[in-house]
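Taking it in order: structure first as structure tokens, then the write-up.
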Amino acid sequence: MKVRITHDYHNQIKRLAFFILTMEIEGKKVFVTGGYGFIGSHLVSRYLKEGASEVVVYDNLSTGVEDYPK
């Protein structure tokens, strides 16, 4: 049985990334799931640099590194 995926996930990911990277963060509270992983830790760092008033991180640490985020 062949399964065909009809969704264009590549474009959805590009649109989501554009939205995340262009939204106004200054003064906002942000909640990041997976904040100790590679992508999440970079998002946390970026949000803090852009002036988020608070960044809350949730991660089960199953694959992340406790040294992140910095």
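The values are calculated or read from the model by the stated rules, or taken from the named source; none is laboratory data. Since this is a predicted model, take the numbers as computed values, not measurements. Counting neighbours? That spans all protein chains shown, and the Cβs are built from the backbone with ideal geometry, glycine included. Note: accessible area is taken over every heavy atom of the protein model, side chains too, but ligands, DNA and RNA are not part of it. Shrake-Rupley method; radii C 1.70, N 1.55, O 1.52, S 1.80 Å.
Inside the range 13-49, can you point out the residues that are in a loop (DSSP other than H, G, I, E, B) and in contact with a Ser or Thr (Cβ under 7 Å, 6 or more places away or on another chain)?
Taking the range 13-49 and keeping what is in a loop (DSSP other than H, G, I, E, B), we get 23-28, 34-37.
Of everything in the range 13-49, those that are in a loop (DSSP other than H, G, I, E, B) and in contact with a Ser or Thr (Cβ under 7 Å, 6 or more places away or on another chain) turn out to be G27, K28, G35, G37.
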Fill in: Pairs, first of a type outside the set (V, I, T) in the range 43-57, second open to solvent by 60 Å² or more (accessible area, probe 1.4 Å) and assigned to a loop (DSSP other than H, G, I, E, B), C-beta under 8 Å, six or more apart
S45/K70; E50/E26; G51/E26; A52/E26; A52/K28; S53/K28
Discussion item. Taking the criterion of being open to solvent by less than 100 Å² (accessible area, probe 1.4 Å), over 13 Å from the mean Cα position of the chain (by Cα) and at pLDDT below 85, would at least one residue in the range 33-56 satisfy it?
Written reply: no
